[in-house]
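Notes for the one structure printed next.
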Amino acid sequence: MTALRAAVLGAMALGQTPVTAWGADTAQGEGGSLGQVVITGEGERKQYRQSTSSSATRTDTPLQELPQSVQVVSRQLIDDLAATRLNDLLLYVSGVAKQNNFGGLWDNYAIRGFSGSDNGGMNILWNGFASNRGYAPPRDLANVESVDFLKGPAAALYGNSEPGGTINVVTKKPQFKAANSLDLSLGSNGTYRSAVDSTGALSSAVAYRLNAAIERQGSMRDNVSGNREFLAPAFTWVLGAQTVLNYEGEFLRQKAPLDRGIVAVKGNPGVLPVSRFLGEPGDGDIKMDNQNHLLTLEHQLDENWHLRTGIFHKDGQLDGYSTEASSLRADNATLWRQRRYRDYSWHDTSMQAELGGKLQAGGMSHEVLAGVEAGWLTLDQRMLRVNPSAASPYAININDPVYGQAQPALLPNTATSEHQISTGLYLQDQISLSARWKLLAGIRADSFRSRLDNWRSGTSTRQDKSAFSPRLGLTWLVTPAWSVYASASKSFRPNTGSDASGNAFSPETARAAEAGLKYQSEDKRSGATLAVFDITKQNVLTTDPSNTAFSIAAGEVRSRGVELDANGKLGQHWRFTGNLAYTDAFVAKDNTLAVGSRLINVPRVSGSVLAIFENADAHGAPYGLGGGLNYVGARTGDQAGSFDLPGYVTARALAYWQFTPAMKLSLDVNNLFNRRYYSSSYSNVWIMPGDERNATLALNVKF
């Protein structure tokens with residue numbers, strides 16, 4: 001039995017996970033480079049601090065050596081927060097702000113001030129593959145091992161993206177040792193959820209993992225609740241002495257109404273109760289179906305070199321009616337609304353292949369990576385909506401809403417089909433200049449072609465663009481505990497649409513600089529990162545002064561700031577995580593927006609802290625008590641700056657008791673003091689209030 005097969009089977013036999021699939025992480029050994037098996041004990045899995053990540057470089061690299069701020073949210077923190085959505089984690093990483101989330105139907109956020117467009121502007125990766133092109137329901141965390149936040153541009157490896165950062169979701173992997181768990185939870189507002197995690201061997205060379213969840217999501221909002229069903233099978237085949245094949249799938253179905261939130265009256269979002277629903281209950285749910293499939297093959301050429309290839313495919317559909325606010329009239333009581341019907345579908349396929357290895361050249365150690373990527377996306381969008389000039393505005397009184405009025409006729413509004421083809425070539429070299437000096441250099445060349453067919457107008461818009469995305473970073477390991485770094489990089493993201501002459505827009509481009517200081521304790525259980533950054537994005541769409549019905553790619557936005565993240569374990573009893581960020585994100589150049597105006601939903605100052613004390617009772621049963629605070633500063637409520645969302649502080653408390661070796665009871669109370677706040681907004685009539693005080697009681701059973 002050769003090295004790879006022995007290592008994989010040996011790790012699985014111990015109940016640990018071989019490093020498989022891309023983009024992986026971490027000290028749990030979930031995903032990473034082929035041929036490296038990270039043997040990890042249960043004690044390490046209970047930590048917040050992870051000492052390595054492969055998301056930033058596609059190779060398993062110590063965080064201390066990365067010339068970049070990379071924050072890993074471990075499975076332990078996910079469990080402590082009772083988190084079931086990606087959105088539940090955002091406040092626990094510095095510089096991440098919630099954005100308009102399409103009435104709760106998808107994930108949208110800003111890192112370091114940059115949020116991109118509603119449709120796939122931000123990069124959310126799934127085991128290293130872009131997974132948010134098109135639309136998709138909010139990500140479920142049932143099968144997630146860690147969530148890696150890569151700060152700054154990641155285009156040198158992952159292609160077109162926003163320059164503020166990228167998220168890589170790393171999933172749980174199959175194990176050969178049998179393990180099963182069941183989670184049952186009850187929450188406020190009639191929320192309940194059951195989830196199962198099962199893994200084990202199907203044969204001497206095949207292992208499986210199955211995660212599944214069923215949920216009814218209650219809400220403090222009137223007439224708003226949702227249901228979701230989630231299934232995630234995964235298989236690992238050890239095909240031979242040097243080869244491993246992996247399959248992972250996700251099937252997610254969600255039903256929930258589109259909820260645009262409340263309105264601001266005279267610039268004040270606090271006039272209406274947070275429960276007030278301004279849509280129509282009779283519209284029913286928006287139905288969303290999404291499927292992900294990932295197949296990867298990894299082959300070890302020798303002890304230093306490996307080949308890795310994979311194919312990702314995603315299908316989905318969004319379908320349903322909604323009634324959405326359009327404007328609040330002068331009496332500050334009458335809200336005009338529009339009823340809409342959406343029928344969206346998407347098909348996304350991408351392929352990656354890469355060669356990686358280690359060599360000696362010029363008296364220095366090199367870890368090189370060369371890869372190619374290709375992607376094909378089809379996005380069909382059909383919308384019916386009421387005629388905006390119709391005499392009947394489908395109005396409702398915001399102070400005394402009466403539902404069920406006659407529904408207006410809907411007319412065709414949008415009927416488009418978009419086809420994208422993208423290719424990328426990337427090259428990276430991690431150079432050990434000496435024991436203390438590490439250099440990271442990389443570059444990616446991308447080409448992007450698209451065609452947007454408008455079936456209503458009979459017109460087509462085409463794009464054929466290319467871009468180069470380099471990065472260069474240097475790290476000095478001052479001592480085993482301290483390191484400093486500096487980096488510079490570029491990124492791009494295509495603009496959709498065309499100008500007044502019918503020409504495609506030039507892509508957005510960005511340049512970024514970052515410097516930082518990192519600390520890691522001798523036992524690697526605690527660490528911190530202090531980062532300073534400056535990012536400028538150009539070719540942002542702005543109004544064409546010669547024809548205000550069209551746009552031109554001439555705007556510029558900028559973000560600069562300071563971030564501090566720290567997490568780890570103190571002594572034998574305390575586990576903690578905390579962050580603090582100052583983000584100055586503003587418009588630097590525009591034809592209509594005021595120069596210096598702040599970017600929407602991005603606070604200047606934000607931060608959080610969470611700490612848990614753990615011990616055992618007189619009978620030896622472990623227990624934990626903890627709590628934390630989240631602070632989000634005041635934010636601009638819309639890009640015109642017509643109103644602000646006030647800053648807020650919320651508190652949470654949590655506790656658990658492992659009353660038998662196989663059973664654990666936990667309680668999480670969020671917004672402990674029932675503080676009123678606003679999660680995000682898009683305009684003065686689309687404001688999403690934050691959750692009122694809510695509690696979740698959960699039982700975890702291992703068998």
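The values are calculated or read from the model by the stated rules, or taken from the named source; none is laboratory data. Note that this is a predicted model, so its numbers are computed, not measured. Positions of Cβ are backbone-derived with ideal geometry, glycine not excepted, and every protein chain shown enters the neighbour counts. Areas reflect the complete protein model, heavy atoms only, side chains present, ligands, DNA and RNA absent. Shrake-Rupley method; radii C 1.70, N 1.55, O 1.52, S 1.80 Å.
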Subject >> Stokes-Einstein D for region 280-334, Kirkwood Rh over Cα pairs, 37 °C, 0.692 mPa s (µm²/s) >> reply: 198
Original post:
Residue by residue, what Karplus-based ³J(HN,Hα) values in Hz, rounded to whole numbers, does region 180-189 have, using 6.51, -1.76 and 1.60 with θ = phi - 60° and x for Gly and Pro?
Top reply: 9, 8, 10, 10, 10, 9, 10, x, 4, 6
Original post:
Around Leu599, which amide H atoms from residues at least 5 apart in sequence, or from another chain, sit under 5 Å from its own amide H, with H modelled in the peptide plane?
Top reply: Ala585, Phe586, Val587
**OP:** Take the alpha-carbon centre of region 119-197, take the same for region 445-474, and report the distance between them in whole Å.
**Re:** 26
Original post:
Which FRET efficiency, nearest 0.05, do Asp302 and Arg693 yield, Cβ-Cβ r, R0 45 Å?
Top reply: 0.15
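Per residue, what volume in Å³ does the convex hull of the Cα atoms of region 103-174 enclose? Mind dumping the intermediate values first?
On the way: hull volume 6.4 nm³, N = 72.
Hull volume normalised by residue count: 89 Å³.
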Original post:
Any idea how far the Cα center of region 502-542 sits from the one of region 395-428, in Å?
Top reply: 31
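Once you list every other residue whose beta carbon is under 13 Å from the beta carbon of Asp638, what net charge do they have if Lys and Arg are +1 and Asp and Glu are -1? Don't skip to the answer; put the middle values down first.
Details: positive: Arg598, Arg635; negative: Asp644.
That sum, taken over residues with Cβ under 13 Å, equals +1.
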Original post:
For Leu672 and His619, FRET efficiency with R0 = 45 Å and r from the beta-carbon atoms, rounded to 0.05?
Top reply: 0.95
Original post:
What lysines sit close enough to Lys266 to cross-link, taking a C-alpha to C-alpha distance under 28 Å and skipping anything fewer than 8 places away on the same chain?
Top reply: Lys98
Subject >> Amide H contacts of Tyr48 (H built 1.01 Å from N, under 5 Å, at least 5 apart or other chain) >> reply: Gly568
Original post:
Using a 1.4 angstrom probe and counting only protein chains, how large is the accessible area of Phe230 in Å², to 10?
Top reply: 10
Subject >> Computed Kirkwood radius, in angstrom, where 1/r is averaged over Cα pairs of region 309-362 >> reply: 16.6
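Please state, rounded to one decimal and in Å, the Kirkwood hydrodynamic radius that the chain gives when every pair of distinct Cα atoms enters the mean of 1/r.
Working: mean 1/r = 0.0381 Å⁻¹.
Kirkwood hydrodynamic radius for the chain: 26.2 Å.
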Original post:
If you put +1 on each Lys and Arg Cβ and -1 on each Asp and Glu Cβ, how big is the dipole of the chain around its Cα centre, in Debye rounded to 20?
Top reply: 600
Original post:
Where does the charge balance sit around Thr199 when Lys and Arg score +1, Asp and Glu -1, over other residues with C-beta under 9 Å from its C-beta?
Top reply: +3
**OP:** Compute, for Ile600, the solvent-accessible surface of its heavy atoms (probe 1.4 Å) with the complete set of protein chains present, and express it in square angstrom to the nearest 10.
**Re:** 30
Original post:
Trp455's amide H: which non-local residues (gap 5+, or another chain) put their own amide H closer than 5 Å, with H modeled 1.01 Å from N in plane and none for Pro or chain starts?
Top reply: Ala415, Thr416, Ser417
Subject >> Residue-by-residue Karplus 3J(HN,Hα) for region 405-413, coefficients 6.51, -1.76, 1.60, Hz, glycine and proline x >> reply: 5, 4, 7, x, 5, 9, 10, x, 10
Subject >> Out-of-range pairs (alpha-carbon distance over 26 Å; input Lys172/Lys702; Lys287/Lys664; Lys172/Lys537; Lys46/Lys177; Lys151/Lys518; Lys314/Lys664) >> reply: Lys287/Lys664; Lys172/Lys537; Lys314/Lys664
Subject >> region 360-417: radius of gyration over Cα atoms, expressed as a fraction of 2.2 N^0.38 Å >> reply: 2.68
**OP:** Any chance you could give the angle, 0 to 90 degrees and rounded to 10, that helix 3-13 forms with the longest Cα principal axis of the chain?
**Re:** 70
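Give the dimensionless ratio obtained when the Cα radius of gyration of region 564-703 is divided by 2.2 N^0.38 Å. List each step's numbers first, then the result.
On the way: Rg = 20.1 Å, N = 140, 2.2 N^0.38 = 14.4 Å.
Against the empirical 2.2 N^0.38 Å value, I get 1.40 for region 564-703.
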Subject >> Along each principal axis, Cα extent of region 45-126, largest first, Å >> reply: 38, 28, 21
**OP:** Report the accessible area of His366, computed with a 1.4 Å probe over the heavy atoms of all protein chains in place, in Å² rounded to the nearest 10.
**Re:** 30
**OP:** Calculate for the chain the 222 nm mean residue ellipticity that helices alone would give, adding -39,500 (n - 2.57) per DSSP H run of length 4 or more and normalising by residue count, nearest 500 deg cm²/dmol.
**Re:** -1000 deg cm²/dmol
Subject >> Average Cα contact separation per residue, the chain, under 8 Å, 6 or more apart, as relative contact order % >> reply: 12
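For every other residue with a beta carbon closer than 11 angstrom to the beta carbon of Lys702, add +1 if it is Lys or Arg and -1 if Asp or Glu, then tell me the sum. Can you show the working numbers first?
Working: positive: Lys664; negative: Asp183, Asp197.
Counting the neighbours of Lys702, the net charge comes to -1.
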Original post:
On average, how much accessible surface per residue is there in the chain, in Å², for a 1.4 Å probe, leaving out ligands, DNA and RNA?
Top reply: 39
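Accessible area of the chain with a 1.4 Å probe: how many percent of it is carbon plus sulfur?
Numbers: 15370 of 27150 Å².
Exposed carbon and sulfur together represent 57 percent of the surface.
Only four residue types carry charge here, +1 at the Cβ of Lys and Arg and -1 at the Cβ of Asp and Glu. Report the dipole size of region 309-428 about the Cα centre in Debye, rounded to the nearest 20. Kindly include the intermediate steps, with their values, before the conclusion.
Working: 9 positive and 12 negative charges, 80 e Å.
Value, rounded to 20: 380 debye.
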